[in-house]
Amino acid sequence: MADNRRERRERRDRDEEREELDERVVDIKRVAKVIKGGRRFAFRTVVIVGDNKGTIGIGVGKARAVPDSIRKASERARQNMVTVALAGSTIPFQVTARYGGAKVFLKPASPGTGVIAGGGVRAVLEAVGISDILTKSQGSPNLLNVTMATLAALQQLRSPQDIAAMRGKPVEELLPFWQRRKKKDGLVLDDGEAESAPVTEAVASTDDGGEDGDE
């Protein structure tokens, strides 16, 4: 009797966790395996799971039926979830990553820009919780490779505090141009806004880049 109650409680906890996460089916394709008697067909599904707060996971599932492949992909995505460093509603700095034949470029954007992306890139960025970013997908249009390349790019990110400590500079010197413009106009940034501000790569790489290099 106690075991049945425990199982029901665990099942209820799993259902609640499933409802809290943002789950998206990116791609469903029919694949074939050549065997002795001919070809055996199955479905390959790519699922993205995120909490919209900086945690993301990608899973791939194969089965003879579509619902089974979605279930397998969802379970694997939850097992492979990782946490990435965000800067407010965007990313700390621009980054490029490759996976297979796909190449994805991500660049931070000012508030109000929105997610300038499409296909698998948009699904990954929205599931992880990014709402302002500029992107470019180059190379192969394969959705699986594009989503994995986007995840690889997000895993390269570091927080502004880590970058400032590594370069020996205060966080205020690595603010993006729209935050420096606020400071120049006399608006004082609070601690939370300064900590969550993304790092401008042009300012970090050159001493005299100024706002023109960032824009």
Return a yes/no flag: does segment 68-87 have any residue that is open to solvent by 40 Å² or more (accessible area, probe 1.4 Å) and farther than 17 Å from Gly50 by Cα. yes
For segment 113-127, which positions are in contact with an Asp or Glu (Cβ under 7 Å, 6 or more places away or on another chain) and crowded, with 23+ Cβ neighbours inside 10 Å? Ala127
Are any residues in segment 19-32 surrounded by 10 or more Cβ atoms within 10 Å (Cβ to Cβ) and free of Cβ contacts under 8 Å to residues at least 40 places away in the same chain, and if so, which ones? Lys29, Val31, Ala32
Working carefully through the options Ser159, Ser140, Ser131, find the one that is touching a Ser or Thr at 6+ places or on another chain (Cβ under 7 Å) and open to solvent by 10 Å² or more (accessible area, probe 1.4 Å). Ser131
Give the residues of segment 42-67 that are open to solvent by 50 Å² or more (accessible area, probe 1.4 Å) and either acidic (Asp, Glu) or closer than 11 Å to Lys29 by Cα (or both), sorted by residue number. Phe43, Lys62
Hits in segment 72-85 (condition: part of a loop (DSSP other than H, G, I, E, B) and closer than 22 Å to Asp132 by Cβ): Val84, Ala85
Among (1) buried (at least 17 other Cβ atoms within 10 Å of the Cβ); (2) touching a residue at least 60 places away in the same chain (Cβ under 8 Å), the one test that Ser110 misses: (1)
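The values are calculated or read from the model by the stated rules, or taken from the named source; none is laboratory data. All values reported here derive from a predicted model rather than from experimental measurement. Heads up, the Cβs are rebuilt from the backbone with ideal geometry, glycines too, and the neighbour counts pull from every protein chain shown. Calculation scope for accessible area: heavy atoms of the full protein, side chains included, ligands and nucleic acids excluded. Shrake-Rupley method; radii C 1.70, N 1.55, O 1.52, S 1.80 Å.
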